[in-house]
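Asks: Before anything else, here's the structure in question.
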Amino acid sequence: MTETAAPTTPFTPPTRFAVPGRIAVGEQTASVWRTATLVSVRRETPRASTFRLAVPDWAGHLPGQHLMLRLTAEDGHVAQRHYSIASPPDDSGHIELTLDHVEGGEVSGWFHTVARPGDRIEVRGPLSGFFAWPGDRPALLVGAGSGVVPLMSMVRHHRARDLSVPLRLLVSARGPEDLIYAREFGPETTPVFTRRAPGGVPVGRLTAAHVAPFLAAPPPGGWEAYVCGSNSFAEHASRLLVEAGQPVDRIRIERFG
Amino acid sequence: MHVTRGFTGRPRVPDAGLPPGQYDAGKDWPVLSAEVTPHLAPGDWTFRIDGAVAEPRTWDWDAAHALPGSVYEGDIHCVTGWSKFGTRFGGVSLDAFLDAVRPDASATHAVAYAHTGYTANLPLADLRGGRAWIAFTYDDGKPLPAEHGGPARLLVPHLYFWKSTKWIAGLRLLDHDEPGFWERNGYHARGNPWEEQRYAGD
């Protein structure tokens, strides 16, 4: 017996279906390398800085998307990395990346020790629609360290458009001085400090108690959860969300690597 | 080529095993799944092949392990840029499973799907000829950890690793190509690292 799916009906596996991507990605946009110019550098924490780039003909992006960036040495050696976009979509012609200075990192090392305004680098994107948030559904954002970067694009978008859809951010950092974008956070954000905290604030990793209030009283239609950070943080945070009742198929995860 | 001012990069270690645009991750093995890691017991794991085949069939853990064992020793390449050299996976050649179901002459492609619902599309030819496995172990026979796709994952090491579907649940054979999860999100239909087929349009 032969079972052949009709070409017009996309095959859906007989299992719980993974969350679909949020947008269709333009193939042309994604395949073109553009030369961006570094406009300014802004320090965020002792380890992280924000690099503002002017990108000619940037097609725009959705909060949560990333790009691929490449640096080229004189002998032709190329280093490529994927970085999340920190800025909101409607920042015409400019995008911002916030990069940790990774020890021995050949790309982040160049950004943190060599780069200066006027330098030119190549980027392609925006890429991948899976982790994008168009601002349509309630968003529960959970990040750690520089995992907050794509989530900040969502927070900024929410604020810039004065969206009424609920958005909450749980962000984990080692201490207040390591909290990227600390000055920009508002009542939508709950910081969690794992090593050092201001007086009166508990120290420790993200727990079920942090997540519970949001899932005990979810907004109508429930949350779309976006988790970003190291693999160990992503495993921990996503498990907490599932245990608190967030449906598995409404958790999107972006892990470093 | 646009040379970046002041960029020298890491020391050049000529390596014929490194596809274009990739770097050697060394001992690291990053985890990049986009969904919540499922913790599947071997007793709950099944693997099915159906679609354009003569005899659709489902294997459970014991039935799959009754097939002849096969080992892959070599490199793996992730689309995010890292490559990992000298990996060792143990499992069963996909040829053993495909021979049992006897694909139709019309079958040209497959959609691999996970117990989570993740999907990836592959040309059938890339799953044939001793180039694809169902892997149960890595290193010296250690069970594959859940975050790396355990108890069983598809292994197609000559393509970017998103094709090597974790928590593999089945293959549906088709007479046409149909994009999977990442392929619908902007990634390349085939994903050959040696041709740097990362994104649609590459």
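Asks: I want to confirm something. Restricting to segment B:34-70 and keeping residues that are open to solvent by 30 Å² or more (accessible area, probe 1.4 Å) and among the acidic types (D, E), which single residue is farthest from B:D95 (Cα to Cα)?
Replies: B:D44
Asks: Also: Mind checking whether some residue in segment A:155-173 is touching a Gly at 6+ places or on another chain (Cβ under 6 Å), open to solvent by 30 Å² or more (accessible area, probe 1.4 Å) and among the hydrophobic types (A, V, I, L, M, F, W, C)?
Replies: Yes, segment A:155-173 contains at least one residue that is touching a Gly at 6+ places or on another chain (Cβ under 6 Å), open to solvent by 30 Å² or more (accessible area, probe 1.4 Å) and among the hydrophobic types (A, V, I, L, M, F, W, C).
Asks: Please specify each residue of segment A:225-256 satisfying the condition of being at the interface with another protein chain (Cβ under 7 Å from one of its Cβ atoms), in contact (Cβ under 8 Å) with a residue 24 or more places away in the chain and more than 15 Å from A:L140 (Cα to Cα).
Replies: A:N231, A:R255
Asks: Moving on. Considering only segment A:144-155, how many residues are more than 14 Å from every other protein chain (Cβ to nearest Cβ) and closer than 16 Å to A:S87 by Cα?
Replies: The number of residues fulfilling the criteria is 8.
Asks: Does any residue of segment A:211-222 turn out to be in contact with a Phe, Trp or Tyr (Cβ under 8 Å, 6 or more places away or on another chain) and assigned to a loop (DSSP other than H, G, I, E, B)?
Replies: no
Asks: Still on this model: Six or more apart or on different chains, Cβ under 6 Å: which pairs go from a residue in segment B:25-41 that's under 10 Å from B:S83 (Cα atoms) to one that's among the hydrophobic types (A, V, I, L, M, F, W, C) and open to solvent by less than 40 Å² (accessible area, probe 1.4 Å)? Could you list them?
Replies: So the pair list comes out as B:A25/B:W82.
Asks: Go through segment B:184-202 and give me each residue that's open to solvent by less than 50 Å² (accessible area, probe 1.4 Å) and either facing chain A (nearest Cβ under 7 Å) or in contact with a Lys or Arg (Cβ under 9 Å, 6 or more places away or on another chain) (or both).
Replies: Hits for segment B:184-202 are B:N185, B:G186, B:Y187, B:H188, B:G191, B:Q197, B:Y199, B:A200.
Asks: Same structure, new question: So, in segment A:104-136, exactly how many residues are open to solvent by 10 Å² or more (accessible area, probe 1.4 Å), small (G, A, S) and out of contact with any helix residue (DSSP H, G or I) (no Cβ under 9 Å at 6 or more places or on another chain)?
Replies: Matching residues across segment A:104-136 total 4.
Asks: Another question, then. Across segment B:157-202, what is the total count of residues that are modelled with pLDDT under 95 and within 12 Å of B:Y118 (Cβ to Cβ)?
Replies: Residues in segment B:157-202 being modelled with pLDDT under 95 and within 12 Å of B:Y118 (Cβ to Cβ): 6 in total.
Asks: Kindly evaluate A:A24 against the criterion of being in a loop (DSSP other than H, G, I, E, B) and at pLDDT 95 or above.
Replies: no
Asks: Going through segment B:80-112 one residue at a time, which ones are within 9 Å of chain A (Cβ to nearest Cβ) and either surrounded by fewer than 19 Cβ atoms within 10 Å (Cβ to Cβ) or modelled with pLDDT under 95 (or both)?
Replies: B:T80, B:G81, B:W82, B:D104, B:S106
The values are calculated or read from the model by the stated rules, or taken from the named source; none is laboratory data. All values derive from a computational prediction rather than experimental measurement. Virtual Cβ from ideal backbone geometry, glycine too; neighbours counted across all protein chains shown. Accessible surface areas use protein heavy atoms only, side chains included; no ligands, DNA or RNA. Shrake-Rupley method; radii C 1.70, N 1.55, O 1.52, S 1.80 Å.
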